[in-house]
């Protein structure tokens, strides 16, 4: 099974990487950009008996390693 | 409009960050992990007249700044 996990900074948390890209795009004459935020996308191939088990495992991975839940949120989808 | 851009290393390009996460997960007793790859997710809020224009602009952003097309692929979706 394949899990696609997105980890992104919570609203209100300063995102310096996003700000840097925002300024870079503006200096390259892209107009009308209102905001840029950058997160991580983690693709995990895993062997799990079923989707429910995969979902539980990936949730635990997120809570314990993949996301810093103090400043980051995460979401994920499981594909067979 | 909102553009969600995913940038990830091409197949066959070594992903040391993914490998590190893979090993970390295994050392935390997660079983059955076959592979981990890590990419970037870039969320851009932009003012564009219509979806076609937004799509063109974001494609150019990807080609010129967001992705290193030698080693990275990208995909994106536009939401109104």
>> Report, to one decimal in Å, the Kirkwood hydrodynamic radius for chain A based on all distinct Cα pairs.
In response: 14.3 Å
> When the gyration tensor of the protein assembly as shown is built from Cα positions, what are the square roots of 5 times its three eigenvalues, in whole Å, from largest to smallest?
Replying inline: 30, 16, 15
> Taking the Cβ-Cβ separation of residue A:52 and residue A:17 as r and a Förster radius of 35 Å, what is the calculated FRET efficiency to the nearest 0.05?
Replying inline: 0.50
> Tilt of helix B:51-61 relative to the longest C-alpha principal axis of chain B, in degrees (0 to 90, nearest 10)?
Replying inline: 50 degrees
> So if R0 is 30 Å, what FRET efficiency would residue B:79 and residue A:69 give, r being the distance between their Cβ atoms, rounded to the nearest 0.05?
Replying inline: 0.70
> For the Cα atoms of chain A, what angle does the longest principal axis make with the long axis of helix A:16-27, in degrees from 0 to 90, nearest 10?
Replying inline: 40 degrees
> How high is the relative contact order of chain A, in percent, counting Cα pairs under 8 Å that sit 6 or more residues apart?
Replying inline: 54 percent
> Averaged over peptide B:21-30, how many Cβ atoms belonging to another chain are found within 10 Å of each residue's Cβ?
Replying inline: 3
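Values quoted throughout were computed directly from the atomic coordinates according to the rules given, and no laboratory measurement underlies them. Just so it is clear, the structure is predicted and the values come from calculations on it, not from any experiment. Counting neighbours? That spans all protein chains shown, and the Cβs are built from the backbone with ideal geometry, glycine included.
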